Amino acid sequence: MNDTTEERRYRSLFLSDVHLGTKGCQAELLLDFLRYHDAETIYLVGDIVDGWRMRSGWYWPQSHNDVVQKLLRKGRKGARIVYLPGNHDEFLRDYYGTHFGGIEVVETAIHEAADGRRYLVIHGDVFDVVVRHAKWLAFLGDGAYTAALGVNTYLNYIRRKLGFPYWSLSQWAKMKVKNAVNFIGRFEEAVATEARRHKVDGVICGHIHHAVMHKSYGVDYVNCGDWVESCTAIVEHADGRLELIDWARQARERLKTPLLLERPKVAA
């Protein structure tokens, strides 16, 4: 992984699951990432804005607005921006084929890398049986997840006071629960099968907040991760090579001040 803080320009950049409009969103870290990373094409791979959470209560601090403005500014400077709505921003699915401020809204995309490899780009929620067939259960799970993120906020406030770096309780718990690990495997296999159906070389997706790159199912499986737990992104280099960037880890290694990792305060 590239650990430099110099500004880098890539052929393509893939971001997913930012969840603007929620207290768990790591908007400050994303802004920091966007200062150092630019690309000819930027794919927003779903759940960029969390419409589910915003229906139950408005939360939109300045940092979230800054993320939107930063992306729009990149578009005005010439970047092509492609938005593939997910389940949390499904309200945008009524606008497939349209443009908003230069941002294209599409259901899926086929991305051809510089080396000729072709990737299906899709959020991935259509392969989540819970979201597709039991939306009420998905909402229930979303509430529990949000509660866990609230605990995580207070936990990391204490960790910062004690001089410890950011750590994701929800991400740790997910990888310790057998059912969650099994679900991740089933999801990856289903998405990989869809990539083979499209006769492409791989798939780039999001949805499950689990950043990874592997070839376990016969194609390249690439998950962007998220900007709630892992703070990760996928970039494509000029030669077509894909790289997973763990920005939270790089921020810790650069010994940024605690202000970089400051999270929105939750009212008592």
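The values are calculated or read from the model by the stated rules, or taken from the named source; none is laboratory data. Computed from a prediction, not measured in an experiment: that's the story for all the values here. Don't worry about glycine lacking a Cβ; one is built from the backbone with ideal geometry, like all the others, and counts go over all protein chains shown.
Tell me whether segment 17-37 contains one or more residues that are in a strand (DSSP E or B) and under 23 Å from Arg249 (Cα atoms).
yes
For residues that are surrounded by fewer than 18 Cβ atoms within 10 Å (Cβ to Cβ) and in contact (Cβ under 8 Å) with a residue 24 or more places away in the chain, scanning just segment 64-73, find the one that is farthest from Glu107 (Cα to Cα).
Selected residue: Asp66.
Which residues, counting only those in segment 67-102, are in contact with a helix residue (DSSP H, G or I) (Cβ under 6 Å, 6 or more places away or on another chain) and under 26 Å from Ala211 (Cα atoms)?
Val67, Lys70, Ile81, Pro85, Gly86, Asn87, His88, Asp89, Phe91
Name the single residue, out of those in segment 185-211 being among the β-branched types (Val, Ile, Thr) and in contact with a helix residue (DSSP H, G or I) (Cβ under 8 Å, 6 or more places away or on another chain), that is modelled with the highest pLDDT.
Val203
Checking His88 against (1) surrounded by 13 or more Cβ atoms within 10 Å (Cβ to Cβ); (2) at pLDDT 95 or above; (3) in a loop (DSSP other than H, G, I, E, B): exactly one of these is not met. Which one?
If we test His88 against (1) surrounded by 13 or more Cβ atoms within 10 Å (Cβ to Cβ); (2) at pLDDT 95 or above; (3) in a loop (DSSP other than H, G, I, E, B), just (2) comes out false.
Over 23 Å from Leu242 (Cα atoms), out of contact with any Leu (no Cβ under 9 Å at 6 or more places or on another chain) and not in a strand (DSSP E or B): is that true of Asp94 in this structure?
Criteria met by Asp94.
Given the structure, is Asp17 in contact with a Gly (Cβ under 6 Å, 6 or more places away or on another chain), on the phi < 0 side of the Ramachandran plot and of a type in the set (Asp, Glu)?
When the stated conditions are applied, Asp17 does not pass them.
Among the residues of segment 210-218, is any in a loop (DSSP other than H, G, I, E, B), of a type in the set (Phe, Trp, Tyr), on the phi < 0 side of the Ramachandran plot and surrounded by 24 or more Cβ atoms within 10 Å (Cβ to Cβ)?
no
Identify, by number, the condition in (1) within 19 Å of Gly86 (Cβ to Cβ); (2) of a type outside the set (D, E, K, R); (3) modelled with pLDDT of 60 or more that Thr153 doesn't meet.
For Thr153, the exception is condition (1).
Assess whether Glu243 counts as being in contact with a Lys or Arg (Cβ under 7 Å, 6 or more places away or on another chain), of a type in the set (Asp, Glu) and within 17 Å of Ser12 (Cα to Cα).
Here the answer is no, as Glu243 does not meet what is asked.
Quick one: what pairs do we get from segment 45-57, first residue aromatic (Phe, Trp, Tyr), second surrounded by 24 or more Cβ atoms within 10 Å (Cβ to Cβ) and outside any helix (DSSP H, G or I), C-beta under 8 Å, 6+ apart or different chains?
Hits for this filter: Trp52/His88.
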